[in-house]
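The values are calculated or read from the model by the stated rules, or taken from the named source; none is laboratory data. These numbers come from a predicted model, not from an experiment. When the accessible area is computed, the model is the full protein with side chains, heavy atoms only, and any ligands, DNA or RNA have been set aside. Shrake-Rupley method; radii C 1.70, N 1.55, O 1.52, S 1.80 Å.
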Amino acid sequence: MARLIIVDTRRPVRQINLDLPLLTIGRDGGNSITLTSERVSRRHAVIERVDDGHILTDLDSLNGTFVNGAPLRIRSHRLRHGDSVSIGRCELRFLQKAGTSLAADALRLLTLPAELPRRGWGSPQPAFA
């Protein structure tokens, strides 16, 4: 079963099984996955289960969705094992690999909250000499 490991700077690390046909992601409490970052739109993205995998779709969010560090230039992306999805100040890791330990992969792929990129949101920036 596919899973998301969610690192949200304001909440403990969470694991979500992707067992529903459609999961909504956003800041609003009515979403399947609620993220607390102020850079997350109320309805930011969806993950849809298809026959052979999962599709991530950005819902025209203001701050965008990044996959493996690159902006999602098209609205949708077929998720692959190990993909890193950045939404606001939150990171989601997609895990789906047959015959391996997802727990071991989760630990290996996980980025700690202190290591998430700051992107200048509320943190002091170094002064240049």
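The table that follows gives values for the structure above.
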item	result
Accessible-area composition of segment 31-76, carbon plus sulfur, in percent [1.4 Å probe]	47 percent
Nonlocal amide H pairs with L35, under 5 Å, H built at 1.01 Å	G26, R27
Heavy-atom surface of segment 25-79, accessible at 1.4 Å and reported per residue (Å²)	55 Å²
